[in-house]
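A quick write-up on the structure given underneath.
Quick note: the coordinates plus some simple rules give every number you see, no bench work behind them. What you are looking at is a predicted structure, and each value in this text was computed from that prediction instead of being measured. No Cβ is skipped: glycine too gets one built from the backbone with ideal geometry, and neighbour counts run over all protein chains shown.
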Amino acid sequence: MPVFDFDNEPTDKKAICTYETFRSNEHMPTVEKPILLLDNSAKKWSHHSIGTFTNPVKKTTFEFDGEDGTEVADIIKIDSRFVALHKWLGENHIKVQLSGENTDEGYAVYKIRENVSGSGNKLSAEDGFLQFMIDRLLASEAPSEEEIDEDGIEDGDDMKLTSIQSITDFITCAGRTLPDNIQLWARRNLAVAKSSEVSPEERRHAQRALSIMMNVQWKSNYFEAIDPVEARRILDEELYGLERVKQRIMETIIQINRTHTLPAYGLLICGPAGTGKSQIAYAVARILKLPWTTLDMSSINDPEQLTGSSRIYSNAKPGIIMEAFSMAGESNLVFIINELDKAASGKGNGNPADVLLTLLDNLGFTDNYMECMIPTTGVYPIATANDKDMISAPILSRFAVIELPDYTPEEKKVIFSKFALPKVLKRIGLKPDECIISEEALEAIVDIHKNTSGIRDIEQAAEHLAANALYQIEVDNLESVTFTADMVYELLR
């Protein structure tokens, strides 16, 4: 591995950096796979040690606060992802606490935390800034040797991130966790936010955009394998019947497990109102273990609601899609697009649904406020619609379509007795033997709702009957209520 040479000292007093870097993609450092190794040949260091990183004349070191004064240990090796962070901590004389253990190779450090109670300079941002950066670095991939310059650091400008200083420090230390185009965008916007040659309004917009962008964890498009057994359990828990639908979803899961990437097409779930389309979408998000956001197309009548408004306006703001990334806190998420067939034609500015084309193609999405191409390779779109014929052909071609049939009377009986009613009874604190639905009562419930699609009316009937049973038990001092067909017809008609 390379031996780095810092050229920030006079020639005769050049700080020679003797450590080696190593590539690691570990997300949870351990003693066996640490962040860095310190020389402990002269002395064994404590499990928790406090001090500062320094770059003195001879070697790059860590200076411990010992009982007898300052004690020094040379850095032997360091994870290449942490080189810039280590240098930044040293240059700013920020005191940290290391957690590590003595091994045959050296003192293996697997955790770095700010020493908030000690003397020394404070971090530039609010509490948790250092941990925020470390988490981002651990979630990132190791840089290639070509990405590490001759000083062993990235070229940086001189979190929760809101202040200009904290954003500056984050870009300096952890800028490589950002996609290349966002790194360049961040530096340009940081220059605007710091400039005295632009208006206060421009500086405010630049700082706001930076805060939004820097607080999103921009992940790779690699997805871990999903347990098929757990996925099937979730589907059975959330959905009764619909075996063909479950099969399609399981096929998607197996595909992700084989390729470790999302499918080329999203899912479009079509069917009558109340058949559980949104519930299927939430179940898929749960299986993928991704944050999800909903987009209700029936309430969007202007494409600008999706794309954001230009910063030339004082009240400019990002669009709904960018806000979804911000709320999720990461770039890999499930977009649940409800009522895609009800997308309005717009107010002369175009069809809002057409704005979704770039999002659905996973080619990137441009927000007018952010003024940057947002990576969308980790976005999995799941749309719902009652009538797919109302969706334009270009949009429809971006989805794998799953059509839901309406439930049969027998399926509605099972859903009521095995799912809807038990859920309501558990929520309001009734035991199953306190609210009994006879077979004839169950027939009556289905008969009353025979001309309605979906199961929402069935679920509402469960709410009504359970509430009535609770009322009779509390007010009339009954031990339990058994509903007959006549009682059901009287209550629900």
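Applied to segment 403-416, the Karplus parametrisation 6.51 cos²θ - 1.76 cosθ + 1.60 on θ = phi - 60° returns per-residue 3J(HN,Hα) values of 9, 9, x, 6, 6, 7, x, 5, 5, 5, 4, 5, 4, 5 Hz, with x for Gly and Pro.
The charge dipole of segment 228-403, taken about the Cα centre with unit charges on the Cβ atoms of Lys, Arg (+1) and Asp, Glu (-1), comes to about 320 debye, rounded to the nearest 20. Taking Cα centre as origin and charging only the Cβ of basic (Lys, Arg, +1) and acidic (Asp, Glu, -1) residues, the dipole magnitude of segment 235-316 rounds to 240 debye. Measuring between alpha carbons in the structure, the pairs from LYS342/LYS418; LYS111/LYS219; LYS388/LYS423; LYS219/LYS277; LYS111/LYS194; LYS111/LYS289 lying more than 30 angstrom apart are LYS342/LYS418; LYS388/LYS423; LYS111/LYS194.
Rounded to 0.05, the FRET efficiency of the GLU251 and SER278 pair, given R0 = 22 Å and the Cβ-Cβ distance, is 0.60. If you average the C-alpha positions of segment 73-96 and of segment 424-446 separately, how far apart do those two centres end up, in angstrom? If we compute the Cα centre of each part, the gap is 64 Å. The residue among ALA73, ALA281, MET28 whose Cα reaches farthest toward the positive pole of the charge dipole of the chain, with charges on the beta-carbon of Lys, Arg, Asp and Glu, is ALA281. Under 5 Å between amide hydrogens, built in the peptide plane, is the criterion, and for VAL72 it picks out PHE64 among residues at least 5 positions away or on other chains. Look at the dipole of the chain built from charges on Cβ: of ASN315, PHE129, ALA186, the Cα furthest out on the positive end belongs to ASN315. The residues VAL96, VAL414, when put in order of fewest to most other Cβ atoms within 10 Å, stand as VAL414, VAL96.
About the centre of its Cα atoms, the chain shows a dipole size close to 460 debye [charges on the beta carbon of Lys, Arg (+1) and Asp, Glu (-1) only; nearest 20 debye].
Among beta bridges identified by DSSP and lying wholly in the chain, the antiparallel ones come to about 55 percent.
Each of VAL334, VAL401 was scored by other Cβ atoms within 10 Å of its Cβ. Listed from fewest to most, they are VAL401, VAL334.
Taking +1 at the Cβ of each Lys and Arg and -1 at the Cβ of each Asp and Glu, which of ALA469, THR482, ASN451 sits farthest along the dipole of segment 409-492 towards its positive end, judged by Cα position relative to the Cα centre? Value computed over the given set: ASN451. A simple rule links phi to the HN-Hα coupling: the Karplus curve 6.51 cos²θ - 1.76 cosθ + 1.60 with θ = phi - 60°, which for segment 168-178 gives 4, 5, 5, 4, 5, 8, 10, x, 6, 6, 9 Hz, with x for Gly and Pro.
Based on DSSP H runs of at least 4 residues, each adding -39500 (n - 2.57), what is the mean residue ellipticity at 222 nm of the chain after dividing by all its residues, to the nearest 500 deg cm²/dmol?
On the way: 17 runs with 180 residues, N = 493.
Helices in the chain give a 222 nm mean residue ellipticity of -11000 deg cm²/dmol.
For segment 436-442, the Karplus equation 6.51 cos²θ - 1.76 cosθ + 1.60, evaluated at θ = phi - 60°, returns couplings of 10, 10, 5, 4, 5, 5, 5 Hz by residue, with Gly and Pro reported as x.
Among the listed values (1) 1.08; (2) 1.27; (3) 1.01, the one computed from these coordinates for Cα Rg over 2.2 N^0.38 Å is (2). Label separation (ALA191 vs LYS418): 6.4 nm, computed from points 7 Å beyond Cα along the C-beta direction. Taking amide H atoms as placed 1.01 Å from N in the peptide plane, the amide H of THR376 lies under 5 Å from those of GLY364, PHE365, each 5 or more residues away in sequence or on another chain. Measuring from centroid to centroid over Cα atoms, what is the spacing of segment 379-411 and segment 297-319 in Å? Their Cα centres are 27 Å away from one another. Counting lysine pairs in segment 20-74 that sit 8 or more residues apart in sequence, or on different chains, and whose Cα atoms lie under 20 Å apart gives 4. Highest mean packing comes first when the peptides 71-77, 470-476 are listed by Cβ atoms within 10 Å, giving 71-77, 470-476. Ordering PHE419, PHE399 from the fewest to the most neighbouring beta carbons within 10 Å gives PHE419, PHE399. Taking amide H as placed 1.01 Å from N in the peptide plane, ALA383 has its amide H under 5 Å from the amide H of LEU267, LEU268, ILE269, ILE337, each at least 5 places away in sequence or on another chain.
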